[in-house]
Every structure is written in structure tokens, then in C-alpha cells.
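Colleague: Sharing a structure below in C-alpha cells format, with a few things to ask.
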Amino acid sequence: MNYSFKNALGNKQLILEIYVSLNVKMNKSDKTILVTGSGTGIGQAVARKFAKLGYNIIILGRRKEPLIDASNILKQIITDEKFESSVTYYAGVDVSDFEAINKMFDKIGTDFGHIDIIVNNAGVSGPVKIFTNSSYQEFKDCVSIHLTGTFWTSIKALKILNHTGKIITISTFFTEENKYEQRPYRFRTPYTAAQGAKNRLSECFAWELVEKGIKAVATNPGPVHSDRIYKTVYPKAAAEFLRVGGFPGLSHKQIEEISVALLPYLGDEPERIDNESKKIAISLAEKYDGLDPASTQRLAKELLAKIQEIAEKVQNNTKKMIVDNEFLSQDDVADMVHSLASDEMIRLLNGKVIPNDRVFYPVKPIVERTIEIDQDKTIENKTILITMTCTEEKLLNFVKKIATKINNMNVKQLIILTQNDEKSPEMSKMFEGFHHHAIDMADENTVKKIFNTINSRYGRTDSVIHFTGSYDYDNKLTALDRQEWDTLVDKFINIPHLVATESVLSMTTRQALDDPSLFKGAKGNIVIVGPISPVGKKIVGEVRARSEVFRGALRPYVTTANQELRDVLNSDINLTLVLPGNINGDLPDNDKLEKVLIGLSSQDAKKNNLIYYVDE
């Protein structure tokens, strides 16, 4: 017993405080937390917070060097706090990597036996560009890391989470609806789709894991001070704005090439900027006739300065929409996670998405229960494409019915594409007599080839109707294997995006990818018919939560893609999400749906039909 403690014996209050402090540390030493994407940024801040509380820390990420640095920081905290807890890192682990996550959890199960908290934090900026210009692989990778990474990491963690385990997911409030509002996040379609589904997935976890005693919440911190937002998101968005809008002396494609080459050096010393701008100028001068290296270098540096100016303007404008004009710090987010991880707080908030985003965004009301359709318009002499990944018999019969009606309306051509799977022979028989192809709807090259053929034969696609179909809401998502989950993500996120992208390019021209001005005034209609609401007299919360996961992906996706089509590209292309069914559990009114889909396909002017609940 040291001197300070002996002197404290006469002070009961101090004795109590010392006892409580020691007791908390001893109780915490057997607790373990796993934080994904934790080598740097928010993930590391969360790990530091819990290291100071005596938790065993498990961190993971794709790059080894940041994890080693983070591990050393965490070990020093543990040493300073005089804990006996441990720090373990798993390098080379991408949360979207099926095998890597499986192997990691097998090792964790052997080494730790159980964990207490999992924090789903791993994420990437993803492509920050117009949705038509992000490659299909870029789109899928972003969704896979944010959404599938959260799903599969949580599923594997269930085997070793203790009976009071907690799943805390960090996402974004940009994808949250407010009454009849839905916020777009310009240039971030895969990010918004993934985050929208991730919020709803967290709610679904809470409902499905009640019997296990495991609780789940999501938190949306909004803009956070970080290199990602200052050096990646804002500058890339500014670069895309200039690529679309133009910059004197450079073509749209040249703006893109310069931005890709120089953005990594934004904020570096002038000498580095000078060297890198010289390199890209020489490269462009060799590639494009008429470009002088010296003048091109000058333009490149001016472009980079303009990108920085716009990025800072966006940043400052965003701050003005916050009460205290300040973004949260990474430590602030760590404090949020710590608060949510307390037994009492997570009990009170289980199943909720916590809106910690303090930005007051002005948003147009775009979720509709009425729809504007010109009854006098027809689909005569139009090329109509119906695509689907659905296999439900009732929906297939409806598609055949509407296809028959469309075929009898003097259209130029009706083409039907169905998913090439075990039901292909059955569907081929159902659509005999129609111009029908069974293809792999998830294969980019196959879908592109179909659209190119349509354009070469019929000039363009006028209207596209895509049916996602639904999934069995009685089956727990937490019971799915990885292949089943991946199939759902393809069906309800990736394929709708691929169809929407190729439809827009068919209604415009593929040359618009390099010259965005060609999108201006382009016309056409794209209708995505999403999953129906649950049907039945008594629908329990678990079923409702499960049904919203992929509807929650499509709403922000369509909202963001529409803003890009209208406000950025100045096109007249209408992209509408139709969600059948209603909150009462009634069967969808197929006669009404048929009328709406034909009406939407007949439009020849820009309309404000973005998200429509046809049966509400």
C-alpha cells in the first residue's frame, strides 16, 4: 500500500472513488470490442476510446502499416492506463472478402472465445461521379464494402457475440427519409444505396436478434473532420462538377484525366504540384493534337486551384447549415459509439437509427402518393423494354398481361429480358411470341450488348420498365448464407443500377460519357418497380423491418440519380421508383399498377414522379 492510498483511508469519499475506479477497470478487462476499418480515422478513434476503458481491442483493415501504427498507439494507451488488456490486428482483411472474414472470425473464436461489441465502421468513398460514369465494378465494390461488409461481418460475429452482445453500425443520415422528403447525395449513388440499405439492415438485425439478447443500433454522424472528406469526397465532387460543367481550354475528358492525376497531391508543396502537373501536361500533349505542354501545365494547375476553391466553398456552405458551424471530430463520434454501447442506452435505443448528423439540409418533397401522367399521351411508335429479375409466378403473369397490352398499342418494338436461371425454360415458354431473351442480368457486357443492339436496330430505347420482384419476408436475413445474400444485393441494387445506367445511355448516346453536354435535353422514361410491401392482416415488426432493407436502398439511389439527371446533366429523362402495396397489408392493385406503368412509359416531358407509392 503506497503513501497516497494510506492517507486516503481517512477520507471515505476518496476511498469510494478509488474503489469504483479500480472496480471498473477490473470489470472491463475481460471485455472485447471489434472495430472494422480501424487503422485510421473514426475506427481508430473508437478503438482508442475503448482502450482507455480496458477493453481488449481487435482492429482490422486492408493495409498493414496503418494497423501497426494504430496497434502501437493502442498498446501505449493500455500501458499508460495500467490495464492488462490486449490489442490484436488483422491486416489484409477487406470486409467484403468472404474468405478473409471467415478466417479472421475462426481465429478470433479460438483466441478470444467471445466478443462483446462489434462496430461496423469500414467504408470507402466509392466513385464520386455521375452515376452513368462510375464503372459497374466500382459501383459493386462500394456497395460490397459498405453493405455486404456490414452484413457478413455481423453474421460471422453472431457465433461469438456473447448473450448481451451489441452491434453498432456507423452509416450516414443522408439516406434517411423525413415525412415526404428524401435527401439526394450528388455524385454518390452507390454510397447512398448501400447506406440506405445499411440503416434498414441495422433495424432488421435488432428485430431478428431479440431472442439471442443481442442489440443493434446505427448512428449517422454526418460530416466528420477527416482526410477522407477534405482530400477525397469534396475535391472529387468539385472535380466532377467541373468535368460536367467545363473548364476553359480543356475538354471534358482532359479535365477528368488531369483531376485523376493531380487530386492525390492537392495541398502538397508547390514543387510537388509543379512536377506532377508537368508530367500530366506532357502526357496529354502526346495524346491530344494541338496541346502545348507549357500551356497545358498552366491550365492543369489552374484547374487544381479551382477544384480546391469549389471544394472549400462546399465545405464552408455545409458548415453554415450546422448550428455551431462545426463538423464533428472523430473523437466526438467515438464518444457517440461509447454512449450507445452502454447497457442502458442501447436497451433504450435498440433498433433505432440515431440521427447524429446535425446538418440542416433543405430538401424538396419528392415522395408522392399521387402521380402526374398525361392521359392523352400514348406509347405508339415507341421502343419499350421490359426487364426483370423476378421469378414469382403472380408477378410473371402480370408482366405477361401488361406486355400483351403494350404489344397491342402500335409500339415500334417491345423487348422483354428475363434472368437466365433455372426457371429460364419456363419463362421462355411463358413469353413465346414476344421478342424475348433470357440473359444474365448481372453481367455488364451482356446487358450492354443488348442495349447496343436495340440502338442499332430501333434508334433508341424510349421507355424501360424494370421489375425487381420481391423476396420472402418470412425468412430471416440473419439466417442467409453469403451466396443468398449476394443474390439479393445483385437483384435489388446492382442490377437496377446497371439497367438504369444503360437505359440512360441508350436514350442519349454513349459518347455522353466523355461529353456530358450531350445529356442535355435527352428524353426517355425509366421505371423501377421495387419490392412490394408485406401482405397480410397482421404484419409483425420483424417482417416490416425485413421488407424495408432493399426498398431502403432503392429510394436514395433513385433520388440521387434523378438529381444528377435533372440538376447536373439537364436531361429530361424521368427515373421513377414505384413501390406497390400499402401499410395496411392489402394486395397490390394490379389494374392500377398497369395503368400507371403504361402512363409513365408514355411521358415525353420532364415530370416530378420520383418515388411513388401506387397503393397508398
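The values are calculated or read from the model by the stated rules, or taken from the named source; none is laboratory data. All values reported here derive from a predicted model rather than from experimental measurement. Note: ideal-geometry Cβ built from the backbone for every residue, glycine included; neighbour counts use all protein chains shown.
Colleague: Would you confirm, using the coordinates I've provided, whether Arg243 is buried (at least 20 other Cβ atoms within 10 Å of the Cβ), among the basic types (Lys, Arg) and either in a helix (DSSP H, G or I) or out of contact with any Lys or Arg (no Cβ under 8 Å at 6 or more places or on another chain) (or both)?
Modeller: Yes.
Colleague: Right, next: When you scan the stretch 455-471, do you find a residue that is modelled with pLDDT of 95 or more, more than 25 Å from Arg200 (Cα to Cα) and of a type in the set (A, V, I, L, M, F, W, C), even just one?
Modeller: Yes.
Colleague: Let me ask something else about it. If we scan the stretch 592-606, do we find a residue that is free of Cβ contacts under 8 Å to residues at least 24 places away in the same chain and over 30 Å from Leu477 (Cα atoms)?
Modeller: yes
Colleague: Continuing with the same structure: Take the residues of the stretch 494-515 that are assigned to a helix (DSSP H, G or I), more than 24 Å from the chain's Cα centre (by Cα) and not small (Gly, Ala, Ser): which is nearest to Asn609 (Cα to Cα)?
Modeller: Met507
Colleague: Looking at the stretch 582-599, is at least one residue in contact with a Ser or Thr (Cβ under 7 Å, 6 or more places away or on another chain), surrounded by fewer than 24 Cβ atoms within 10 Å (Cβ to Cβ) and in a helix (DSSP H, G or I)?
Modeller: no
Colleague: Being of a type in the set (Ser, Thr, Tyr) and closer than 13 Å to Phe550 by Cα is the filter; apply it to the stretch 466-481 and report the residue that is surrounded by the most Cβ atoms within 10 Å (Cβ to Cβ).
Modeller: Result: Thr468.
Colleague: Taking the residues in the stretch 425-444 that are among the small types (Gly, Ala, Ser) and farther than 20 Å from Asn494 by Cβ as candidates, determine which candidate is surrounded by the most Cβ atoms within 10 Å (Cβ to Cβ).
Modeller: It comes out as Ser428.
Colleague: What are the residues in the stretch 104-137 that are touching a residue at least 24 places away in the same chain (Cβ under 8 Å) and either assigned by TED's automatic domain parsing to the domain that holds Val549 or within 22 Å of Phe519 (Cα to Cα) (or both), if any?
Modeller: Of everything in the stretch 104-137, those that are touching a residue at least 24 places away in the same chain (Cβ under 8 Å) and either assigned by TED's automatic domain parsing to the domain that holds Val549 or within 22 Å of Phe519 (Cα to Cα) (or both) turn out to be Pro127, Val128, Lys129, Ile130, Phe131, Thr132, Asn133, Ser134, Tyr136.
Colleague: Of the residues in the stretch 447-489, how many are free of Cβ contacts under 8 Å to residues at least 60 places away in the same chain and either assigned to a helix (DSSP H, G or I) or not assigned by TED's automatic domain parsing to the domain that holds Lys606 (or both)?
Modeller: Count: 14.
Colleague: Which residue pairs have Cβ atoms closer than 6 Å, lie 6 or more positions apart in sequence or on different chains, and pair a first residue in the stretch 276-293 that is within 16 Å of Leu262 (Cα to Cα) with a second residue that is of a type in the set (Phe, Trp, Tyr)?
Modeller: Going by the 6 Å Cβ cut-off, the qualifying pairs are Glu276/Tyr265.
Colleague: Give Ser38, Ser134, Ser85 a once-over and let me know the one that is crowded, with 20+ Cβ neighbours inside 10 Å, farther than 29 Å from Val353 by Cβ and hydroxyl-bearing (Ser, Thr, Tyr).
Modeller: Just a single option satisfies the conditions, and that option is Ser85.
Colleague: Taking the stretch 38-60 on its own, how many of its residues are modelled with pLDDT under 95 and at positive phi?
Modeller: Matching residues across the stretch 38-60 total 1.
Colleague: Test of understanding: among Asp331, Asp374, Asp343, which residue is surrounded by 13 or more Cβ atoms within 10 Å (Cβ to Cβ), of a type outside the set (Phe, Trp, Tyr) and touching a residue at least 12 places away in the same chain (Cβ under 8 Å)?
Modeller: Answer to the selection: Asp331.
Colleague: Condition test on Gly552, is it of a type outside the set (S, T, N, Q) and in contact with a strand residue (DSSP E or B) (Cβ under 8 Å, 6 or more places away or on another chain)?
Modeller: no
Colleague: Now, a different point. Quick check: anything in the stretch 546-556 part of a loop (DSSP other than H, G, I, E, B), among the charged types (D, E, K, R), farther than 30 Å from Lys253 by Cα and in contact (Cβ under 8 Å) with a residue 12 or more places away in the chain?
Modeller: no
Colleague: Of all residues being surrounded by fewer than 15 Cβ atoms within 10 Å (Cβ to Cβ) and of a type in the set (A, V, I, L, M, F, W, C) in the stretch 300-325, which is modelled with the highest pLDDT? Just the residue, please.
Modeller: Checking each candidate, the answer is Ala305.
Colleague: Out of the stretch 357-369, which residues are crowded, with 16+ Cβ neighbours inside 10 Å and at pLDDT 75 or above?
Modeller: Hits for the stretch 357-369 are Asp357, Arg358, Val359.
Colleague: Exactly one of (1) touching a Pro at 6+ places or on another chain (Cβ under 8 Å); (2) of a type in the set (A, V, I, L, M, F, W, C); (3) under 30 Å from Tyr613 (Cα atoms); (4) at pLDDT 95 or above is unmet by Leu385. Its number?
Modeller: All conditions are met except number (1).
Colleague: Kindly list the number of the only condition in (1) surrounded by fewer than 20 Cβ atoms within 10 Å (Cβ to Cβ); (2) in the same structural domain as Lys448 (by TED's automatic domain parsing) that fails for Thr404.
Modeller: Here Thr404 clears every test but (2).
Colleague: Looking at Thr509, is it in contact with a helix residue (DSSP H, G or I) (Cβ under 7 Å, 6 or more places away or on another chain) and either at pLDDT 95 or above or more than 30 Å from Ile155 (Cα to Cα) (or both)?
Modeller: It is true that Thr509 is in contact with a helix residue (DSSP H, G or I) (Cβ under 7 Å, 6 or more places away or on another chain) and either at pLDDT 95 or above or more than 30 Å from Ile155 (Cα to Cα) (or both).
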